[in-house]
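Written below as structure tokens is the structure these notes are about.
The values are calculated or read from the model by the stated rules, or taken from the named source; none is laboratory data. As the structure is a prediction and not an experimental result, all values here were calculated from the model. With ideal geometry, Cβ positions are generated from the backbone for all residues, glycine too; neighbour counts draw on all protein chains shown. Accessible surface is based on the protein model in full, side chains and every heavy atom, while ligands, DNA and RNA are left aside. Shrake-Rupley method; radii C 1.70, N 1.55, O 1.52, S 1.80 Å.
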Amino acid sequence: MPRQPQKRRLETRAKLLEVTAELVATEGYSGLKVEDVVNRAGVAKGTLFSHFRDKDGLLAVLIGAEVMRHLDQMEEKGAPDSREALLERIAPLLEYVAGDRVIFDLLLRYSGSTGTETDEVVTEGFYRQIAIWGDWITQLQQAGLVRDDYPAQFLAEGIQAFLNQVIAIWFCMSSPNEQTPLDALRPFLEAWLAPQA
């Protein structure tokens, strides 16, 4: 009995994503070539483009899934008990996004914040970050460890803005100094979240 067209299409899509993940692991996001993906997957370029708008669309799916994995791990660790612990929870996601300019560029582009291209998982990841951080900030506010003159969600959105700013500046530096993106983020978050005197 022949496979149903929908099942075959899903299998092809999964194969393209699997092959892309393998190539990214060895070549990096910047080094990925469509020709390598289709050759290794054993499909035509047109097949790839029938599943994904272009190479960036393919990468956005992988990157969105990786962001979600980081958010899952963040949640598994539970709510932080200090502002420094909050920063430590954010650190792995920050390191991932700052690890390759392609990741940062595609996350911004496919979130819908800088253009018309969107990916549901990327967009969901941005909203999910704010929701997680907002819940944590609420708990830290109740403990008197974070300012309470603004709603937690507003403060969480500020964290996301600072994170994006720090990464953007990181990639603009012609020769990054010894400071890591996490070190650069720390003073912003401290000034933003510290209880008001």
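Remarks
- The residues of the stretch 164-195 that are in a loop (DSSP other than H, G, I, E, B) and modelled with pLDDT under 85, listed by number, are 173, 174, 175, 176, 177, 178, 179.
- Looking only at the stretch 7-20, and only at residues there that are touching a helix residue (DSSP H, G or I) at 6+ places or on another chain (Cβ under 6 Å) and open to solvent by 20 Å² or more (accessible area, probe 1.4 Å), the one that is modelled with the lowest pLDDT: 13
- Where residue 144 falls short, out of the listed (1) under 16 Å from residue 85 (Cα atoms); (2) free of Cβ contacts under 8 Å to residues at least 40 places away in the same chain; (3) of a type outside the set (A, V, I, L, M): (2)
Each row is one residue, and each column tells you yes or no for (1) modelled with pLDDT under 90; (2) within 22 Å of residue 14 (Cβ to Cβ).
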position	(1), (2)
58	yes, yes
62	no, yes
65	no, yes
69	no, yes
93	no, no
106	yes, yes
128	no, no
136	no, no
139	no, no
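- Within the stretch 42-57, the residues that satisfy the criterion of being part of a helix (DSSP H, G or I) and open to solvent by 20 Å² or more (accessible area, probe 1.4 Å) are 45, 46, 47, 49, 50, 51, 55, 56.
- Residue in the stretch 58-69 that is farthest from residue 110 (Cα to Cα), counting only those that are touching an Asp or Glu at 6+ places or on another chain (Cβ under 8 Å) and open to solvent by 10 Å² or more (accessible area, probe 1.4 Å): 68
- Index of the failed condition, residue 24 passing every other in (1) open to solvent by less than 90 Å² (accessible area, probe 1.4 Å); (2) at pLDDT below 90: (2)
- Remark: pairs (first residue in the stretch 68-95, more than 18 Å from residue 147 (Cβ to Cβ) and part of a loop (DSSP other than H, G, I, E, B); second residue at pLDDT 95 or above and open to solvent by 10 Å² or more (accessible area, probe 1.4 Å); Cβ separation under 7 Å; 6+ apart in sequence or on different chains) = 77/89.
- Filter result for the condition that a residue is β-branched (Val, Ile, Thr), closer than 20 Å to residue 156 by Cβ, at pLDDT 90 or above and within 15 Å of the chain's Cα centre (by Cα), over 102, 121, 97: 97
- Cβ-Cβ distances below 8 Å connect the following pairs, each with a first residue in the stretch 4-32 that is polar (S, T, N, Q), a second residue that is assigned to a loop (DSSP other than H, G, I, E, B) and surrounded by 12 or more Cβ atoms within 10 Å (Cβ to Cβ), and a separation of six or more residues or different chains: 12/43; 20/32; 30/100.
- One residue stands out in the stretch 4-41 among those that are of a type in the set (Val, Ile, Thr) and within 19 Å of the chain's Cα centre (by Cα): the one that is farthest from residue 96 (Cα to Cα), namely 20.
- When the stretch 121-155 is filtered for residues that are of a type in the set (Gly, Ala, Ser) and surrounded by 20 or more Cβ atoms within 10 Å (Cβ to Cβ), the ones remaining, listed by number, are 125, 152.
- Residues that are under 25 Å from residue 170 (Cα atoms), among the aromatic types (Phe, Trp, Tyr) and either in contact with a Leu (Cβ under 9 Å, 6 or more places away or on another chain) or buried (at least 18 other Cβ atoms within 10 Å of the Cβ) (or both) do occur in the stretch 101-110.
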